[in-house]
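Asker: One structure follows; several queries about it will come next.
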Amino acid sequence: MLFKLGAMLMTPGAKLALLVFAIVFPFLASNEYQVYVMASAFVWAIAVYGLNIITGFCGQLNLAHGGFFAIGAYTLGLLTADAGWSFWPAFVAALVVTAVLGFFVGIVSLRLKEHYFAIFTLCVGFIIYLLIDKWEELTHGPIGVRDIAEPYGFGLVDFTETTPFYYLVLAFLVFAIWFMGRLSRSLLGRTFIAIRNGDELAQSLGINLMRNKVLAFVLSTTYAGLAGALYAGMVRFIGPEEANIVHTFDMITYLLVGGIGTITGPLLGTVGIVWITQSLQFLEEYRMIIFGPLLVLLVIFFPRGITGSFLTWMHRKAQSVAPEKKRTESKVTTTRTREAENNA
Amino acid sequence: MNLFLQQVINGLTLGSIYGLVALGLTLVYGILHIPNFAHGALYMVGAFMSYFFMVDLGVHYWLAMAGSAAVIALLGIVCERLVFHPLRHSPPIHDKIAAIGILLFLEALVQMFWGADFRRMSSPFTGIMNFDGLIIPEQRLLIIVAAFVLVFALQMFLRKTMTGATIIAMAQSREGAFLVGIDANRVAMMTFAISGALAAVAATLYAPINLVYPAMGHLVIMKAFVIIILGGMGSIPGAIVGGMIIGFAEAFGGFYISTAYKDIIAFGLLVLILSIRPQGLFAKGAH
């Protein structure tokens, strides 16, 4: 019974309810600022979904993710502010640039395994930050980029107001999650998980490690670029701090709290933590005093985050309810749980 | 010629500091196979501890250094016990995330107590030596000498004492070490203590010619990672040689190529080397 209840939470019905809530949120919000905060949480969630592809599914800890977010933001910012492009062409260019750069960084960095990959991407992230900070002719250095173009609307809709922009971000987020869901159920997604669980075994099954890892990496950097471009369109002023490694660490926290390698986890983790830090304003500067130990406790006690732990709990419940019943049935439950996990 | 020698001195100074930090990092990696991202935070807290001892308690430079080394050694042990020990059977990604958690926590804690300002730390060695036009500040000389003494002492400890030999044995083969009855917990705690103490000493040595601030560990730790990848993860001579390579590359690159981009040199070098040799320059076999 409980299992069914839990499964229902992950069913299309629950997802629809979440979506409806997201759609009516601007009408429930007491002021425009809350809508703005929610929109920014969604932007970060998109980036966290990207991190989830390479780190959650493929098992490679990418510490340059914040750097690609910044590249997306700067591509849009520089093209509109300096080169005079209008918003949407620059937006598409931002996606292309992060994908292409992701490809080149990917083919070099993914030859490295585990620790080497993490350290290498940490350095890549730092190089991105230094370049943005020092290459003043291109990026304006520490002054940052001002006068970023507004996202103009099509026809009747105007995205320059907060609420329409919120819906724009929501649309992209829904697309990002939908794509993620499709991916996790596809052969490609299962290939990624196989690589995470053991790359030598995956290779012996005939999986081309390099091609799949690079593909996962490019997908993840494109997500980061998408989030970065939306961010630039939302705040319309960006500086080198966008590439700060702290943003990558923030995203890892969101991912871990929500549930690494799950579909609903990144959304729950990001929206939850963004709102908690918003409501406790004094935390803004010292949030890491809580986040740091939280990360440690999570990896020790709840390595699978909110969604993952919930699923494990449901799984245990389901098994303890029917221990006397035939084994075949518990096997069925196991597969059902697995499926529920994949759909989560 | 003097300008050239000046850069040699600068390279030696930087190389000594980087070498000391990288040594601690490589020791921990050799024993526990953890890339300790929190090592830079230990370095930073070490500098603040010395600053605290010297400015707030009025202790002498050397005593402050010893006190800071002791505190950070203890902090290292606490990290090992509370965080890395419970995670010893987890997938490798968890160690890394936990280490990042420690890093974030320590940085925020220091910032809460001391603020994000840049502080200057004094040192009794403010004199300048002049060898026929070649100018060497005493503090730089002290750094070079201290680093050489420390590395020598560490080598002696590892090679000539029984306790040191257990660390080497653990690094060579975990199972082998267990078979001959080496206490893994003791070795792990000791390694973290040594690694922390080295970081604190390096920070206290370098702080007087640099500044003390909460983010001071970032660049140093990343360069230390570059160094141990260059020198082979877990290799002690590799850390020292790698430290010197990066120190000299930065000193000469900063002087002859560009000061603004001198911090990129180390990372550029890493990207270049790993693109050609994914297992590092001196790495032999699997580690």
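The values are calculated or read from the model by the stated rules, or taken from the named source; none is laboratory data. Just so we're clear, the structure is a prediction, and the values are computed from it rather than from any experiment. Glycine also receives a Cβ, built like all others from the backbone with ideal geometry; neighbour counts cover every protein chain displayed.
Asker: Just name the residue that is farthest from A:LEU79 (Cα to Cα) out of those in the range A:125-144 that are of a type in the set (A, V, I, L, M, F, W, C) and part of a helix (DSSP H, G or I). Quick ask: steps written out before the conclusion?
Answerer: Here is the first cut: in the range A:125-144, the ones of a type in the set (A, V, I, L, M, F, W, C) are A:126-128, A:130-132, A:135, A:138, A:143.
Next cut, part of a helix (DSSP H, G or I) only: A:126-128, A:130-132, A:138, A:143.
Values: A:PHE126: 23, A:ILE127: 21, A:ILE128: 18, A:LEU130: 20, A:LEU131: 17, A:ILE132: 15, A:LEU138: 11, A:ILE143: 17 Å.
Per the stated criteria, the residue is A:PHE126.
Asker: Name the one entry in B:HIS85, B:HIS89 that is over 22 Å from the mean Cα position of the chain (by Cα) and at pLDDT below 90. Explain how you work it out, then say what you get.
Answerer: Values: B:HIS85 fails: over 22 Å from the mean Cα position of the chain (by Cα).
Residue meeting the stated conditions: B:HIS89.
Asker: Sticking with this structure for a sec: Enumerate the helices (runs of 4 or more DSSP H) found wholly within the range A:194-291, keeping only those where 1 or more residues are under 19 Å from B:ILE100 (Cα atoms).
Answerer: Where helices (runs of 4 or more DSSP H) fall fully within the range A:194-291 and carry at least 1 residues being under 19 Å from B:ILE100 (Cα atoms), they are A:245-258, A:265-279.
Asker: State all residues of the range B:198-227 that are more than 14 Å from B:LEU14 (Cβ to Cβ), facing another protein chain (nearest Cβ under 10 Å) and of a type in the set (Val, Ile, Thr); if no residue qualifies, say none.
Answerer: B:ILE221
Asker: When you scan the range B:246-255, do you find a residue that is within 10 Å of another protein chain (Cβ to nearest Cβ), under 23 Å from A:ILE245 (Cα atoms), touching a Lys or Arg at 6+ places or on another chain (Cβ under 7 Å) and outside any loop (DSSP other than H, G, I, E, B), even just one? Step through it out loud before you land on a result.
Answerer: First, the residues of the range B:246-255 that are within 10 Å of another protein chain (Cβ to nearest Cβ): none.
No, that holds for no residue.
Asker: Select from the range A:1-58 the residues that are at pLDDT below 80 and charged (D, E, K, R) and write down the one among them that is surrounded by the most Cβ atoms within 10 Å (Cβ to Cβ).
Answerer: The residue in question is A:LYS15.
Asker: If I ask for residues that are among the aromatic types (Phe, Trp, Tyr), away from chain A (no Cβ under 12 Å) and not in a loop (DSSP other than H, G, I, E, B), which ones from the range B:76-127 would you list? Write out each step before concluding.
Answerer: First, pick out the residues of the range B:76-127 that are among the aromatic types (Phe, Trp, Tyr): B:84, B:105, B:113-114, B:118, B:125.
From what is left, the residues that are away from chain A (no Cβ under 12 Å) are B:114, B:118, B:125.
Correct list: B:TRP114 only.
Asker: Something else: Every residue in the range B:170-190 that is closer than 23 Å to B:ALA73 by Cα, of a type in the set (A, V, I, L, M) and either exposed (fewer than 11 other Cβ atoms within 10 Å of the Cβ) or more than 22 Å from the chain's Cα centre (by Cα) (or both), please.
Answerer: Listed by number, the residues that qualify are B:ILE182, B:ALA184.
Asker: For the range A:42-92, what are the residues that are of a type in the set (Gly, Ala, Ser) and within 14 Å of another protein chain (Cβ to nearest Cβ)?
Answerer: Keep residues of the range A:42-92 that are of a type in the set (Gly, Ala, Ser), which gives A:45, A:47, A:50, A:56, A:59, A:64, A:66-67, A:70, A:72-73, A:77, A:81, A:83-84, A:86, A:90.
A:GLY56, A:GLY59, A:ALA64, A:GLY66, A:GLY67 - these are the residues of the range A:42-92 that are of a type in the set (Gly, Ala, Ser) and within 14 Å of another protein chain (Cβ to nearest Cβ).
Asker: With respect to A:GLU137, determine if the residue is over 30 Å from A:GLY198 (Cα atoms), touching a residue at least 12 places away in the same chain (Cβ under 8 Å) and among the acidic types (Asp, Glu).
Answerer: On the way: over 30 Å from A:GLY198 (Cα atoms): yes; touching a residue at least 12 places away in the same chain (Cβ under 8 Å): no; among the acidic types (Asp, Glu): yes.
Taking the combined requirement at face value, the residue does not satisfy it.
Asker: Between a residue in the range A:248-262 that is within 8 Å of another protein chain (Cβ to nearest Cβ) and any residue that is of a type in the set (Ser, Thr, Tyr) and assigned to a helix (DSSP H, G or I), which pairs come within a Cβ distance under 9 Å, given they are 6 or more apart or on different chains?
Answerer: The qualifying pairs are A:ILE252/A:THR55.
Asker: Hey, does the range B:257-271 have a residue that's within 14 Å of chain A (Cβ to nearest Cβ), part of a helix (DSSP H, G or I), among the small types (Gly, Ala, Ser) and surrounded by fewer than 22 Cβ atoms within 10 Å (Cβ to Cβ)?
Answerer: The first filter runs over the range B:257-271 and keeps only residues within 14 Å of chain A (Cβ to nearest Cβ), leaving B:257-271.
Next, from what is left, pick out any that are part of a helix (DSSP H, G or I): B:262-271.
With among the small types (Gly, Ala, Ser) added as a condition, the list becomes B:266, B:268.
Subsequent filtering for residues that are surrounded by fewer than 22 Cβ atoms within 10 Å (Cβ to Cβ) retains B:268.
Yes, there is a match, as at least one residue in the range B:257-271 is within 14 Å of chain A (Cβ to nearest Cβ), part of a helix (DSSP H, G or I), among the small types (Gly, Ala, Ser) and surrounded by fewer than 22 Cβ atoms within 10 Å (Cβ to Cβ).
Asker: Those residues that are more than 13 Å from chain B (Cβ to nearest Cβ) and β-branched (Val, Ile, Thr), I need them from the range A:96-138; list them, please. Can you show your working first?
Answerer: So the first thing to find is which residues in the range A:96-138 are more than 13 Å from chain B (Cβ to nearest Cβ), and the list is A:96-103, A:138.
Scanning the range A:96-138 gives A:VAL96, A:VAL97, A:THR98, A:VAL100.
Asker: Please indicate, with yes or no, whether at least one residue in the range B:166-174 is touching a Leu at 6+ places or on another chain (Cβ under 7 Å) and either within 26 Å of B:THR26 (Cβ to Cβ) or assigned to a helix (DSSP H, G or I) (or both). Break it down stepwise before answering.
Answerer: Here is the first cut: in the range B:166-174, the residues touching a Leu at 6+ places or on another chain (Cβ under 7 Å) are B:167-168.
Right, trim to either within 26 Å of B:THR26 (Cβ to Cβ) or assigned to a helix (DSSP H, G or I) (or both) and you get B:167-168.
Within the range B:166-174, one or more residues are touching a Leu at 6+ places or on another chain (Cβ under 7 Å) and either within 26 Å of B:THR26 (Cβ to Cβ) or assigned to a helix (DSSP H, G or I) (or both).
Asker: Could you identify the single residue in A:LEU76, A:LEU122 that is in a helix (DSSP H, G or I) and either of a type in the set (Asp, Glu) or within 27 Å of A:GLN34 (Cβ to Cβ) (or both)? Don't jump to the end; show me each part of the working.
Answerer: Numbers: A:LEU122 fails: either of a type in the set (Asp, Glu) or within 27 Å of A:GLN34 (Cβ to Cβ) (or both).
Result: A:LEU76 is the single residue among A:LEU76, A:LEU122 that is in a helix (DSSP H, G or I) and either of a type in the set (Asp, Glu) or within 27 Å of A:GLN34 (Cβ to Cβ) (or both).
Asker: While we're here: What's the number of the only condition in (1) surrounded by 18 or more Cβ atoms within 10 Å (Cβ to Cβ); (2) within 14 Å of chain A (Cβ to nearest Cβ); (3) farther than 24 Å from B:ARG81 by Cβ; (4) at pLDDT below 85 that B:SER235 fails to meet?
Answerer: (2)
Asker: Mind counting the residues in the range B:115-146 that are within 17 Å of B:ALA64 (Cα to Cα) and not β-branched (Val, Ile, Thr)?
Answerer: 10
Asker: Could I ask something else about it? So which residues in the range A:143-156 are at pLDDT below 80 and out of contact with any Phe, Trp or Tyr (no Cβ under 8 Å at 6 or more places or on another chain), if there are any at all?
Answerer: Scanning the range A:143-156 gives A:ASP147, A:PHE154, A:GLY155, A:LEU156.
Asker: Can we say A:SER204 is among the small types (Gly, Ala, Ser), away from chain B (no Cβ under 14 Å) and under 13 Å from the mean Cα position of the chain (by Cα)? Let's see the steps before the verdict.
Answerer: Numbers: among the small types (Gly, Ala, Ser): yes; away from chain B (no Cβ under 14 Å): yes; under 13 Å from the mean Cα position of the chain (by Cα): no.
Judged against the criteria, A:SER204 is not a match.
Asker: Right, here's the next one. May I ask you to verify whether A:ASP147 is touching a residue at least 60 places away in the same chain (Cβ under 8 Å) and part of a helix (DSSP H, G or I)? Can you show your working first?
Answerer: Details: touching a residue at least 60 places away in the same chain (Cβ under 8 Å): yes; part of a helix (DSSP H, G or I): no.
No: the conditions fail for A:ASP147.
Asker: Here is a further query. Which count do you get for residues in the range A:63-105 that are crowded, with 24+ Cβ neighbours inside 10 Å and touching a Lys or Arg at 6+ places or on another chain (Cβ under 9 Å)?
Answerer: 2
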